[in-house]
1. Do you know which of the residues in the range 71-90 that are of a type in the set (A, V, I, L, M, F, W, C) and modelled with pLDDT of 95 or more is surrounded by the most Cβ atoms within 10 Å (Cβ to Cβ)?
2. Being surrounded by fewer than 20 Cβ atoms within 10 Å (Cβ to Cβ), in contact (Cβ under 8 Å) with a residue 60 or more places away in the chain and in contact with a Ser or Thr (Cβ under 8 Å, 6 or more places away or on another chain) narrows it down to one residue among R227, R211; which is it?
3. Can you give me the number of residues within the range 70-119 that are in a loop (DSSP other than H, G, I, E, B), within 21 Å of I221 (Cβ to Cβ) and not hydrophobic (A, V, I, L, M, F, W, C)?
4. I'm trying to understand the selection: among the residues of the range 159-168, which are in contact (Cβ under 8 Å) with a residue 24 or more places away in the chain and out of contact with any Ser or Thr (no Cβ under 8 Å at 6 or more places or on another chain)?
5. Does D93 satisfy being of a type in the set (D, E, K, R), out of contact with any helix residue (DSSP H, G or I) (no Cβ under 6 Å at 6 or more places or on another chain) and crowded, with 20+ Cβ neighbours inside 10 Å?
6. Given the conditions (1) of a type outside the set (F, W, Y); (2) touching a helix residue (DSSP H, G or I) at 6+ places or on another chain (Cβ under 7 Å); (3) in a loop (DSSP other than H, G, I, E, B); (4) surrounded by fewer than 19 Cβ atoms within 10 Å (Cβ to Cβ), report the number of the one that I67 does not fulfil.
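The values are calculated or read from the model by the stated rules, or taken from the named source; none is laboratory data. It should be emphasised that the depicted structure is a prediction, and the values quoted were computed from it without experimental measurement. We place every Cβ from the backbone using ideal geometry, glycine too, and count neighbours over all the protein chains shown.
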Amino acid sequence: MTYFTIHRETEPKIVGVTDGTGQLNGSELYTESNGWYREVFQAGFKGNNRSWWEKWVHHKDFAKRPIDGIVLEKKGKLTDYMEFNLRGFYVSDKLKKILEEACIPPHVFHPTAITSKKTGQSINGYYWFAFDMDTGAQTVNFKKSEFALEAFGTEYQGSFSISSYEDYMNVFYKTGKAPQPKILFFNTTFNSELDVFGTQFLSPRTYISERLLKKWQEAGITGYIARSPEQVKERAKWLNDTYIELVFE
C-alpha cells in the first residue's frame, strides 16, 4: 500500500483566504467553551506523571462532544476538507460518506455548526473527524527503524541506538523531545489496509492510502493537497527537514 500525506489546500481561488492559514478560525466562544479539550488534548507534563499524554491518543474515548466557536473567515470558501488547530480535520457530508466506507481507525464524527464571519449565519453539514493515533508500541519495529538524533545531546550520539518503544519513550521523557524517524519500519501487526492513519509522536503527518485518494479524486473532493512519498522527499530536501520514509514488513 502506498500512502500519501494529506494537507490543507492554500490556493486562494479554492479556499478564499490569502494568508495560508486556512479558512477556519476560532471565535471568543471557542476560547471560552472548550476548556475540556485543552485539559485532555493540550495538557502538558504534570509532576512525575509519565502518562500525561496518553489520552491524546484516544479521541474516540475522550473527544465526547463537538468543538464550539468554529468560524469561517470573511474571505473563506467552504471546501469538503478543512483543517483547524485540532487533531483530525473537518469534513463535509460528502467526504464523511466516503470515509465511512473506508478502513479507518477508531474515530468520531461530531456534527459541527460553523459560523460565517461574513453573514453571522450557522453553516451545517460539517463534522469534526477525530481518530485515534498509533503510538507504534505494537506496530513499529524500532530495531529496523532509523532515527534523527543529531539535534540531541552527546548522550544520544555514537553507539547509542533506539531498539524498542521503551528506548524511544525514554528519550522523550528525558529530553522533552520526540525523535523523528528517518525510516519508520512497520511490522506485520500494523493494519496495512488502513486508509487513514496518524501517529502520536513518530510523525507529524496524517497519511491516506492511494486507494482512498483515488476515491476523493473521483468524487471531486475539495480543500486538500496530497503529496506522494517522492514529493514529500523532495520538499523535505528543499526545506532542510527530516524526510520520513515509511517501510512495511
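1. Start the filter on the range 71-90 by keeping residues that are of a type in the set (A, V, I, L, M, F, W, C), which leaves 71-72, 78, 82, 84, 86, 89.
Narrowing the set further to residues that are modelled with pLDDT of 95 or more leaves 71-72, 78, 82.
On the way: V71: 22, L72: 23, L78: 19, M82: 26.
Among them, the one singled out is M82.
2. Details: R211 fails: in contact with a Ser or Thr (Cβ under 8 Å, 6 or more places away or on another chain).
So the residue among R227, R211 that is surrounded by fewer than 20 Cβ atoms within 10 Å (Cβ to Cβ), in contact (Cβ under 8 Å) with a residue 60 or more places away in the chain and in contact with a Ser or Thr (Cβ under 8 Å, 6 or more places away or on another chain) is R227.
3. So in the range 70-119, the residues in a loop (DSSP other than H, G, I, E, B) come out as 73-80, 83-88, 101-106, 117-119.
If we keep only those that are within 21 Å of I221 (Cβ to Cβ) too, we end up with 73, 76-80, 83-84, 86-88, 101-105.
This time we only want the ones that are not hydrophobic (A, V, I, L, M, F, W, C), so: 73, 76-77, 79-80, 83, 87-88, 101, 105.
Selection size over the range 70-119: 10.
4. Taking the range 159-168 first, the residues in contact (Cβ under 8 Å) with a residue 24 or more places away in the chain are 165, 167-168.
Residue satisfying the conditions is Y168 alone.
5. Values: of a type in the set (D, E, K, R): yes; out of contact with any helix residue (DSSP H, G or I) (no Cβ under 6 Å at 6 or more places or on another chain): yes; crowded, with 20+ Cβ neighbours inside 10 Å: no.
No: the conditions fail for D93.
6. Failed condition: (4).
Each row is one residue, and each column tells you yes or no for (1) at pLDDT 95 or above; (2) touching a strand residue (DSSP E or B) at 6+ places or on another chain (Cβ under 9 Å).
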| position | (1), (2) |
| --- | --- |
| S116 | yes, yes |
| Y126 | yes, yes |
| G136 | yes, yes |
| K143 | yes, yes |
| A148 | no, yes |
| F152 | no, no |
| Q157 | no, no |
